[in-house]
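This report concerns only the one structure given below.
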Amino acid sequence: MIFDVRFDDVSLAFGDQVILRAANLRLDPGERVCLIGRNGSGKSSTLKLLTGDIEPDEGRVELPAEMRLAMLDQALDEPTERLVRDVVTDGMHAQRSRIEAFRALSGEPSPGKAHLRELEALQAAIDAGGGWSIDVHVDAIISQLELPASERMSELSGGWRRRVALAQALVGKPELLLLDEPTNHLDISTIEWLEGEVRRYDGTVLFVSHDRGFVERLATRVISIDRGTLRSWPGGYRAYLRQKRKADTEEDRANALFDKLLAEEEAWIRRGIKARESRNEGRVRALEAMREQRAQRIKRPAQARIHINESEQLSGKKVFEVRNVTHGYSGITLLRNFSLRIMRGDRIGIIGNNGVGKSTLLRILLGEVKPDTGSVKRGTHLQVAYFDQLRRELDTSKTVAEIVGEGRDYIDIQGRKKHVVGYLTDFLFSAKRAMTRVSALSGGERNRVILAKLLIQPANLLIFDEPTNDLDVETLEALEARLLAYSATLIVVSHDRYFLDQVVTSTLVFEGDGVVHRYSGGYSDWERLRRHLAVGDSPAPVARTARRSSGRAPSPAKKLTYKLQRELDGLPQQIQALEQRVQAMEQEVNTAEFYRQPHENVQAALQELDQLRSRLEAAVDRWGELETQSQKFR
């Protein structure tokens, strides 16, 4: 088909809030484009312009009339009693309509030329959409995504309902797939699964995400919403950052030069009568044009500036001493013989999938939950700021300023008084927004309210339970920068891999059967060890599959034979060679040019990449199995 998706000088506003100003956009076949911008900038509205849910105030949104388009919304539907299979089948409603229209037309007696042309067009559309066998396609996507077809939606967790929603979007073979914050509230394993599905998808993807690791792994181009315009930056997230910094520097330099020239011309026009009598009319007109150009300039939005009210009192040197803690519920062991020592100044990230016990561990540390066995000793002089506790206590009937200031006009920040509204502007709240009730705020804005309130509290122990959900990239970067300067103790639970790499120096990882190991470094350092996360969120029909991915038990120990030792010795080189081949192919398939090849070439390459990944995983598992046996005799 002719692929032509574009915005031509599109403008959109809601009241006095301008979203787009004469914005232009073009999507090419096979691209994976990330739309990025701060909360409220209009990312979701841009997607809705493409779906036709909203119309532009000016300009044109152009899509081929026959284009198959699907969207995965940011918000999940409320769980219902419908079966998973029925929900997935809803994604074929357009194909079903085409089939019914074809049958209705073909049943008419003596069809004319117009009807024959319409039948021909419908047949072509049906073929492009996957043919006549709707049930076959539904069964195929359910099998591919390992969904529990006979389960009810109400029986599934949010992560599994997200999988069902993606299946519904993909089953109709869309040529353009729109994803609005697809990783929100997903755990790490599900995010990595989603990355694989999107990478294998052979259509065009436009997605909104604040998960910078997700963007870096998938995007072939980034488009930012910047002061009402859509600016394009080729490459992933890190490439976007480099180009954006350079562009901002060049913009500032150009503006400074322009302002200097304008000041010189203003000085010239204000000279005495003699100068005005002899002035050049062309120069006067140029000055008027410069004044108009300066008046039209839109300043870059202020950057978030986050303050942490670090306590002046140090905690004791030992913050927590955990000894042989075992804890669980409903027959499930979350922690087994768990011991841990946290010292003042430690920066610890807690990693694990949904349902494995991360939040429970925090509550055990804080004394909110008593473990089944074992002991927890807390250090002296602890002043704790706990993010999740404030989320639970947020009063949505109050305004932002009332929540943060607690009725005061001024707050203390590191010994200095600051007006609460001025403090909130650092968290990207305008004066008007600071007086808005919390009930009217978006999820990202509510998280910023919690951060603003939390970080006022003098603290020598910060505990964050999923602080990054719904936060835009600018706020995340500001939070990271401030946490890096924080000298007291930090404990963070997060599924944001990029965030963990930036702010923690060691990790606690839930690896299954109640086992939690501590590792040096951030998420990437743990990932390089090729260990597996425990799975705590699997519906019954796919539990066996999920457990397979959580790790393979080593074979019974026995001394390695000569042949097995030779195999073990050769595996590191084999793994390295496979890793290099996988990396090279991933770089190739992550380019837009790759998807401009014939479809059969693309599919063959993707199949080869999947086979290489499977071989690599099998080789790593085999190495782990043989190495475990070998170590028992060293």
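Name the shape class, rounded, prolate or oblate, that the alpha-carbon gyration tensor gives for the stretch 213-277, where a ≥ b ≥ c are the square roots of its eigenvalues, rounded holds for a/c under 1.5, and otherwise prolate holds if a/b is larger than b/c and oblate otherwise. Prolate, since a/c reaches 1.5 and a/b exceeds b/c. Ordering Lys370, Lys453 by the number of other Cβ atoms within 10 Å of each residue's own Cβ, fewest first, gives Lys370, Lys453. Could you tell me which of rounded, prolate or oblate describes the stretch 302-343, using a ≥ b ≥ c as the square roots of the eigenvalues of the alpha-carbon gyration tensor, with rounded for a/c under 1.5 and, failing that, prolate when a/b is larger than b/c and oblate otherwise? Oblate, because a/c is 1.5 or more while a/b does not exceed b/c. The distance separating the Cα centre of the stretch 326-343 from that of the stretch 447-478 comes to 27 Å. Using the Cβ-Cβ distance between Thr561 and Lys317 with R0 set to 45 Å, the FRET efficiency works out to roughly 0.35.
Sorted from fewest to most neighbouring beta carbons within 10 Å, what does the list Val5, Val504 look like? Can you show the working numbers first?
Details: Val5 21, Val504 24.
Sorted ascending by nearby Cβ count, the order is Val5, Val504.
Computed from phi, the 3J(HN,Hα) profile of the stretch 351-356 under the Karplus parametrisation 6.51, -1.76, 1.60 (θ = phi - 60°) reads 10, x, 6, 4, x, 8 Hz, with x in place of Gly and Pro. For Gly355, what residues show an amide H to amide H distance below 5 Å, using hydrogens built from the backbone and excluding near sequence neighbours? Here nothing satisfies the definition. Within the shell of other residues whose beta carbon sits under 12 angstrom from the beta carbon of Lys377, the net charge comes to +3, with Lys and Arg scored +1 and Asp and Glu -1.
Averaged across orientations, what area in nm² does the convex hull of the alpha carbons in the chain project?
Numbers: hull surface 159.2 nm².
The directionally averaged projection comes out at 39.8 nm².
Taking each full run of DSSP H in the chain as one helix, which ones are at least 30 Å long along their axis (Cα atoms) and have mean Kyte-Doolittle hydropathy of at least 1.0?
The answer is none, since no helix passes both cut-offs.
From the square roots a ≥ b ≥ c of the eigenvalues of the alpha-carbon gyration tensor of the stretch 298-381, which class results: rounded (a/c under 1.5), prolate (a/b over b/c), or oblate? Intermediate values should be presented prior to the final figure.
Values: a/c = 3.27, a/b = 1.57, b/c = 2.08.
Oblate is the answer for the stretch 298-381, as a/c is 1.5 or above yet b/c matches or exceeds a/b.
Taking Cβ atoms as reference points and 13 Å as the exclusive limit, the residues near Val516 contribute a net charge of +2, counting Lys and Arg as +1 and Asp and Glu as -1. Only helices enter this figure: runs of n ≥ 4 DSSP H residues, each worth -39500 (n - 2.57), summed and divided by the residues of the chain, yield -13500 deg cm²/dmol at 222 nm to the nearest 500.
Which ordering of Lys377, Lys173, Lys318 is given by a fewest-first count of other beta-carbon atoms within 10 Å? Intermediate results must be reported in sequence, preceding the final value.
Values: Lys377 11, Lys173 19, Lys318 14.
With the sparsest Cβ surroundings first, the list reads Lys377, Lys318, Lys173.
Mean separation of Cα pairs under 8 Å and 6 or more residues apart, divided by the residue count, gives the chain a relative contact order of 14 percent. Using Cβ point charges alone (K and R +1, D and E -1), the dipole size of the stretch 1-78 about the Cα centre works out to roughly 320 debye.
The simple Förster model, with R0 at 56 Å and r as the Cβ-Cβ distance, assigns Gln296 and Asn324 a FRET efficiency of 0.25.
Read-outs throughout are calculated quantities, based only on the coordinates presented, and are distinct from any laboratory measurement. All values reported here derive from a predicted model rather than from experimental measurement. Counting neighbours? That spans all protein chains shown, and the Cβs are built from the backbone with ideal geometry, glycine included.
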